[in-house]
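To start, the structure itself, in structure tokens.
The values are calculated or read from the model by the stated rules, or taken from the named source; none is laboratory data. Because the structure is predicted, anything quoted here is derived from the model rather than measured. Virtual Cβ from ideal backbone geometry, glycine too; neighbours counted across all protein chains shown.
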Amino acid sequence: MKENEQTPKEYDLYLKIARPDIHVLCYIAEAEDNLMNIRHTTEEGYLKVIVPGDLLQEALNFLDSIKNVINLEVVEIRENPGHT
């Protein structure tokens, strides 16, 4: 990152995950205070999750660590434009 660039306030993560596993992810994520905000399923069928900019790597590590419980894949990461 360049010196004058700032970390984005939030990132949108798009997850490929089965519908029944979304409920399980919600329960597991609740134990990680303020790590992520699970939003909605997109028209493409991906689950949108909002993550604070300074916690992006922690959130990715968390999602990677629960792959033995839930079959999921991060398919895209975008800077959040300021709306849900």
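Taking the stretch 56-74 on its own, how many of its residues are among the aliphatic types (A, V, I, L, M) and under 10 Å from the mean Cα position of the chain (by Cα)?
5
Which one of Asn80, Asn71, Asn34 is touching a residue at least 60 places away in the same chain (Cβ under 8 Å) and of a type in the set (S, T, N, Q)? Working first, answer last.
On the way: Asn71 fails: touching a residue at least 60 places away in the same chain (Cβ under 8 Å); Asn34 fails: touching a residue at least 60 places away in the same chain (Cβ under 8 Å).
On inspection, the qualifying residue turns out to be Asn80.
Could you please find all residues in the stretch 44-78 being among the acidic types (Asp, Glu), over 14 Å from Ile17 (Cα atoms) and loosely packed, with under 13 Cβ neighbours inside 10 Å?
Step one: list which residues in the stretch 44-78 are among the acidic types (Asp, Glu), which gives 44, 54, 58, 64, 73, 76.
Imposing the further condition that a residue be over 14 Å from Ile17 (Cα atoms) reduces the set to 54, 58.
Asp54, the sole residue that qualifies.
Please determine, by comparing only the residues of the stretch 1-29 that are acidic (Asp, Glu) and either surrounded by 11 or more Cβ atoms within 10 Å (Cβ to Cβ) or at pLDDT 90 or above (or both), which one is nearest to Ile66 (Cα to Cα).
Taking the stretch 1-29 and keeping what is acidic (Asp, Glu), we get 3, 5, 10, 12, 21.
Narrowing further to those that are either surrounded by 11 or more Cβ atoms within 10 Å (Cβ to Cβ) or at pLDDT 90 or above (or both): 10, 12, 21.
Values: Glu10: 22, Asp12: 19, Asp21: 11 Å.
Among them, the one singled out is Asp21.
Which one of these does Pro20 not meet: (1) of a type outside the set (Val, Ile, Thr); (2) out of contact with any Gly (no Cβ under 8 Å at 6 or more places or on another chain); (3) touching a residue at least 24 places away in the same chain (Cβ under 8 Å)?
(3)
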